[in-house]
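*Asks:* Starting off with a structure, shown below.
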Ligand SMILES: [Zn+2]
């Protein structure tokens, strides 16, 4: 999960952690259906920094094959919209997973010029030992994207699950 309660982006009447939690709640069973063992790593009552450190620790102690952080973007420009997926530069598996997820996710939430982005500065990508990606599931500040988060979080989860399925077949 991306943030603790009320520490992330806000817009259109809701906040980032709640959106991510709703998507994760739907995504976990979809991935289990694909045969994966899934843990939802979330420390909602901590500070943002503690949440991040605890998540990285759990990620590295869990022996996972890969990890997915769930976020949503925000902007002062309410027109800004669309999803993208970040990976750590040089991580071959991370970039593959990012590309696999970005394809269906950006089909559902189009608008970003670069739907896959290499990001050296994100701690969750840098400090986790297994391939890790960070999904920005659209802009919470854009009315259409926010409506999808609110009314169809399962569609966002489905897109991510579709990407994981494609990645696991590579
Ligand atoms: Zn975020």
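The values are calculated or read from the model by the stated rules, or taken from the named source; none is laboratory data. Values in this document were obtained by computation on a predicted structure and should not be read as measured data. Reconstructed Cβ throughout: ideal geometry from the backbone, glycine too, with neighbour counts over all protein chains shown.
*Asks:* Taking the stretch 11-47 only, how many residues are within 28 Å of residue 77 (Cβ to Cβ) and over 16 Å from the mean Cα position of the chain (by Cα)?
*Replies:* Qualifying residue count for the region: 4.
*Asks:* Let me ask you something else. Residues being within 16 Å of the ligand (Cβ to nearest atom), at pLDDT 90 or above and not in a helix (DSSP H, G or I): count how many of those fall in the stretch 13-36.
*Replies:* 1
*Asks:* Against the condition within 15 Å of the ligand (Cβ to nearest atom), touching a helix residue (DSSP H, G or I) at 6+ places or on another chain (Cβ under 7 Å) and part of a loop (DSSP other than H, G, I, E, B), how does residue 4 come out, does it pass?
*Replies:* The answer is yes for residue 4.
*Asks:* Of all residues being touching a strand residue (DSSP E or B) at 6+ places or on another chain (Cβ under 6 Å) and closer than 16 Å to residue 155 by Cβ in the stretch 90-135, which is surrounded by the fewest Cβ atoms within 10 Å (Cβ to Cβ)? Just the residue, please.
*Replies:* If we take residues in the stretch 90-135 being touching a strand residue (DSSP E or B) at 6+ places or on another chain (Cβ under 6 Å) and closer than 16 Å to residue 155 by Cβ, then 102 is surrounded by the fewest Cβ atoms within 10 Å (Cβ to Cβ).
*Asks:* If you check 65, 39, which single one turns out to be more than 14 Å from the ligand (Cβ to nearest atom), over 19 Å from residue 7 (Cβ atoms), outside any helix (DSSP H, G or I) and without any contact (Cβ under 8 Å) to a residue 60 or more places away in the chain?
*Replies:* Result of the check over 65, 39: 39.
*Asks:* Then there's this: Out of the residues in the stretch 42-52 that are part of a helix (DSSP H, G or I) and out of contact with any helix residue (DSSP H, G or I) (no Cβ under 8 Å at 6 or more places or on another chain), state the one that is modelled with the lowest pLDDT.
*Replies:* 48
*Asks:* Also: Look at residue 54 and say whether it is more than 13 Å from the ligand (Cβ to nearest atom), more than 16 Å from residue 148 (Cα to Cα) and out of contact with any strand residue (DSSP E or B) (no Cβ under 9 Å at 6 or more places or on another chain).
*Replies:* In short, yes.
*Asks:* Going through the stretch 27-46 one residue at a time, which ones are surrounded by 11 or more Cβ atoms within 10 Å (Cβ to Cβ) and more than 25 Å from residue 169 (Cα to Cα)?
*Replies:* 42, 43, 44, 46
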